[in-house]
Amino acid sequence: MRGNDQQAYDRGTSLFSPDGRIYQVEYAREAVSRGAPSVGVRTSEGVVLAAQAQASSSLMESESIEKLHKLDDHVGTASAGHVADARQLIDHARRMAQGNRLRYREPVGVETLTKYITDHIQENTQRGGTRPYGAALLIGGFENGRPRLFGADPSGTPHEWKATAIGGSRQEIQELLEDEWSEDLTLDDGIGLALRALFDINDELTANDVSLSTVSEDGYTAFTADEITDLVESLDLVSDEDADGDEADEE
């Protein structure tokens, strides 16, 4: 009988177990932890978003892997977990940002947008006939002259961060960020920290496997593949052997 009770809590998307857990939300968090990592770093000049966008096959076009998205001129997001779930949340956020501009003639606040998304996520943890989103988001933007960075997980809980990571190897990345983040980081410093965080946990990572964007007073800026390659080389994040291997592949 106990086993049948356990299965009921396991299948129920909106049922608490006797020890206060919602198993489907925990499974959704596990789906996020199995995804490629994304990193957010808040600096004194803006927010840096970086993500591993590594193709699962040499036949896949790397440009088709989208982990970073522009939500509005002043706010962007990075995702981890199920890509399809993340795209639904991103489209939801974009509609809200556009509606705010049309209705109030002003850009939506970063915190307001985050809580709107997390409210929507949370509804799927208490409503029958649906399931939690298997994706997490980092939402970074510029609001009232200052940068802000928020995280949203499958439970629908919003947290504001100075620097954080979502997806695989989160704990290792978080430890590096805690050791190296400081209040006086410039935007360039933040770019370097975000890239180091990704490369330190994956020896096989190359510049082609990374997406990078910033949100500053000048707006949302996405970096091209060539710009990311130059940054990775200037920071000496790829070993000479890896660089030689890339050249050999090109030949």
Next item on the list: Quickly work out the residue 208-to-residue 59 label distance, labels modelled 7 Å from Cα along the C-beta direction, and quote it in nm with one decimal.
Entry: 1.7
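Around residue 94, what is the net charge, scoring Lys/Arg as +1 and Asp/Glu as -1 over all other residues with Cβ under 10 Å from its Cβ?
Cβ neighbours under 10 Å give a net charge of 0.
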Check: Say each of residue 234 and residue 160 gets a label point 7 Å from the Cα, pointing the same way as Cα to Cβ; how far apart are those two points in nm?
Finding: 3.1
Note to self: Keeping all protein chains in place and using 1.4 angstrom, which order do 61, 172, 123 fall into by accessible surface area, from largest down?
What the structure shows: 61, 172, 123
Next item on the list: Give me the accessible area per residue for the chain, probe 1.4 Å, as a whole number in Å².
Entry: 53
Check: Hey, any idea what Rg/Rh is for the chain, computing Rh the Kirkwood way over Cα pairs?
Finding: 1.01
Checklist line | Net charge of Cβ neighbours under 9 Å - reference residue 156; Lys, Arg +1; Asp, Glu -1 | finding: -3
Checklist line | For residue 214, net neighbour charge (Lys/Arg +1, Asp/Glu -1) across residues whose Cβ lies under 14 Å away | finding: -4
Margin query: Run through the stretch 84-159 and list the trypsin sites (Lys or Arg not before Pro) located in a DSSP loop whose Cβ has at most 15 other Cβ atoms within 10 Å.
Written below: 105, 127
Margin query: If you average the C-alpha positions of the stretch 24-40 and of the stretch 122-195 separately, how far apart do those two centres end up, in angstrom?
Written below: 12
Margin query: Taking R0 as 35 Å, what FRET efficiency do you get between residue 34 and residue 102 from their Cβ-Cβ distance, rounded to the nearest 0.05?
Written below: 0.35
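The values are calculated or read from the model by the stated rules, or taken from the named source; none is laboratory data. Since we're looking at a predicted model, the values are computed, not measured. When we count neighbours, we look across all protein chains shown, and the Cβ atoms used for this are built from the backbone with ideal geometry, even at glycine. For the accessible areas, the whole protein counts, side chains as well, though only heavy atoms, and no ligand, DNA or RNA atoms are used. Shrake-Rupley method; radii C 1.70, N 1.55, O 1.52, S 1.80 Å.
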